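The values are calculated or read from the model by the stated rules, or taken from the named source; none is laboratory data. From a predicted model like this one, the values you see are computed outputs, not experimental measurements. So basically every Cβ, Gly included, is an ideal-geometry build from the backbone, and we count neighbours across all protein chains shown. SASA here: full protein model, heavy atoms, side chains in, ligands and nucleic acids out. Shrake-Rupley method; radii C 1.70, N 1.55, O 1.52, S 1.80 Å.
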Amino acid sequence: MRRFLTVLAVAAVVAACGSLKGETSQVAAQPAHELLYVATASGMTVVDASSDAVVAALPLGTLVPDRSRYWTVESGDRTTVRGIDPATGLDQISFTLDGRWSAPAAYGPAPSGLSGNGKWMALVAPPHVTGTTRGNRFAVVDLVNKRLDRTVTADGDLSFDALSDDGRNLYLVEHLAPAPRYVVRVASFNGTGVQGGFLGQIKTAEPEAMNGLYHASVAVGGDWLLSLYTNPARGPFIHALNTTQLYAQCILNMPDVPVALRPAWSMLLDPKHLKLYAVNGAGGVVSEVNTGALTVTRSNIDLAPAAPALTTAPVHPAALTSDGTRLYAAAEHGVIVVYTGDLSVHSRYLTDRFVDSVAVSDDGQRLYVASAGAITKVEAATGRPLGTLAAVTGALGILAVGGH
């Protein structure tokens, strides 16, 4: 096992920026096994929506976007990393690391810790404080070769931000006073150690934009990580980080929502990765972002009246069909159906209830809606409820839907 203990070359990258209970469906036949990946307080439950049966109950972890693997980290004197087949609950990969490590989200809201291609993982050790100085240790783990690649140490109030697809660049957010000011820094590995010296500060037109609270992020291609923040005074912006070229910029001109509704933001990437939709159904707004030009191309601020408050902390409150034509978002009551061709509202479903989370089947025929811990199956074309899944209770949100 090759290990490196390196000191972070702090470099400011940017300064800105059984059966179903209910009716029988008349829609197109669903797959023999349509799996729902459901977030719960204890981790993730995988449910076969076709038979209404639990397939697997898994501990806290991270589901990769293509649903091929679910990564868990079991912290102790030695740390066990497991790659689980979420469709069966069986281990695919398992290995141990010396020391006590955890996933980044164990210490507050943060991205998953995975690189965009899922080949690398960043882990964090418990922070230690000496006097007024906070010390941090991060591990870069090679998931393909099942080993610790290197560790990085640094002082300051730091949290994980991103990891490049080649594993070389580890990006960290340094939180500054007064909160929520921050800068993004990088430990760049050149094969023998962290590159010495400062990488420099990228000039942008909006330096004050680097002042915000993190909500969501999505990887685009092999280079970009787009993260949505809200600035307390100026509202939402997207921090676009090029993880291989060590630069970033901010995407501005997005409509704001009341402060109490800001946790309801979602980021949905279209199938060709050419467009990104930043949507807040509770606030009644959506923006379309050109991922090539990194600009907002259009917005709709009248999807629905803004809710007075959120009833829960949303987990995946919006979903996009696999053909990219329809978007479903949780509003104050029910689900808004938005056509992406012109960002217009087509209809509203289930307006008799609060909705926590929405997911759509691969063929676009069925919606699965989480509300008050229960999941309802819905005909996507009409909004007609088709029944409630009895196999799962306590659903916080639906992470994904897929056939198997």
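Which condition breaks for residue 313 when tested against (1) in a loop (DSSP other than H, G, I, E, B); (2) touching a strand residue (DSSP E or B) at 6+ places or on another chain (Cβ under 6 Å)?
Residue 313 satisfies all of (1) in a loop (DSSP other than H, G, I, E, B); (2) touching a strand residue (DSSP E or B) at 6+ places or on another chain (Cβ under 6 Å) except (2).
Among the hydrophobic types (A, V, I, L, M, F, W, C), touching a Leu at 6+ places or on another chain (Cβ under 9 Å) and modelled with pLDDT under 95: does that describe residue 338?
no
Can you confirm whether the range 205-215 contains a residue that is in a strand (DSSP E or B), buried (at least 20 other Cβ atoms within 10 Å of the Cβ), over 18 Å from the mean Cα position of the chain (by Cα) and modelled with pLDDT of 85 or more?
yes
Any idea which of (1) open to solvent by less than 60 Å² (accessible area, probe 1.4 Å); (2) assigned to a loop (DSSP other than H, G, I, E, B) is the one residue 381 doesn't satisfy?
Every condition holds for residue 381 apart from (1).
Which numbered condition trips up residue 5, out of (1) crowded, with 20+ Cβ neighbours inside 10 Å; (2) at pLDDT below 90?
(1) is the only condition that residue 5 fails.
Tell me the residue from 100, 67, 82, 78 that is modelled with pLDDT under 95 and basic (Lys, Arg), please. Before you say what the answer is, go through the steps one by one.
Details: 100 fails: modelled with pLDDT under 95; 82 fails: modelled with pLDDT under 95; 78 fails: modelled with pLDDT under 95.
It is 67.
Scan (1) under 25 Å from residue 166 (Cβ atoms); (2) touching a Leu at 6+ places or on another chain (Cβ under 7 Å) for the single condition residue 89 breaks and write down its number.
Every listed condition holds for residue 89 apart from (1).
Give the range 351-378 a look and list any residue that's open to solvent by 20 Å² or more (accessible area, probe 1.4 Å) and either touching a helix residue (DSSP H, G or I) at 6+ places or on another chain (Cβ under 7 Å) or at positive phi (or both), or say none.
Once the filter is applied, which keeps residues that are open to solvent by 20 Å² or more (accessible area, probe 1.4 Å) and either touching a helix residue (DSSP H, G or I) at 6+ places or on another chain (Cβ under 7 Å) or at positive phi (or both), the range 351-378 yields only 372.
Would you check which residues across the range 230-261 are in contact with a Pro (Cβ under 7 Å, 6 or more places away or on another chain) and either part of a strand (DSSP E or B) or of a type in the set (Val, Ile, Thr) (or both) and list them?
230
Restricting attention to strands (runs of 3 or more DSSP E) lying wholly within the range 110-155, give those where 3 or more residues are open to solvent by 50 Å² or more (accessible area, probe 1.4 Å).
The qualifying strands (runs of 3 or more DSSP E) are 128-130, 133-142.
Anything in the range 29-71 that is buried (at least 17 other Cβ atoms within 10 Å of the Cβ) and hydroxyl-bearing (Ser, Thr, Tyr)? List them, or say none.
Of everything in the range 29-71, those that are buried (at least 17 other Cβ atoms within 10 Å of the Cβ) and hydroxyl-bearing (Ser, Thr, Tyr) turn out to be 37, 40, 45, 50, 62, 70.
Are there strands (runs of 3 or more DSSP E) fully within the range 265-304 with at least 3 residues that are hydrophobic (A, V, I, L, M, F, W, C)? List them.
266-269, 275-280, 285-290
Select from the range 156-182 the residues that are touching a strand residue (DSSP E or B) at 6+ places or on another chain (Cβ under 7 Å) and part of a loop (DSSP other than H, G, I, E, B) and list them in ascending order.
156, 157, 167, 168, 176, 180
Got at least one residue in the range 317-327 being in a loop (DSSP other than H, G, I, E, B) and on the phi > 0 side of the Ramachandran plot? So that I can check it myself, show each step before the final result.
Here is the first cut: in the range 317-327, the residues in a loop (DSSP other than H, G, I, E, B) are 317, 321-325.
Then keep just the ones that are on the phi > 0 side of the Ramachandran plot; that gives 324.
So far as the range 317-327 goes, yes, one or more of its residues are in a loop (DSSP other than H, G, I, E, B) and on the phi > 0 side of the Ramachandran plot.
If you go through the range 231-246 one residue at a time, do you hit one that is hydroxyl-bearing (Ser, Thr, Tyr), open to solvent by less than 40 Å² (accessible area, probe 1.4 Å) and either closer than 27 Å to residue 333 by Cα or within 15 Å of the chain's Cα centre (by Cα) (or both)?
Checked the range 231-246: no residue is hydroxyl-bearing (Ser, Thr, Tyr), open to solvent by less than 40 Å² (accessible area, probe 1.4 Å) and either closer than 27 Å to residue 333 by Cα or within 15 Å of the chain's Cα centre (by Cα) (or both).
For the subset of the range 309-334 comprising residues that are in contact with a helix residue (DSSP H, G or I) (Cβ under 7 Å, 6 or more places away or on another chain) and surrounded by 21 or more Cβ atoms within 10 Å (Cβ to Cβ), which member is farthest from residue 268 (Cα to Cα)?
Within the range 309-334, the match that is farthest from residue 268 (Cα to Cα) is 314.
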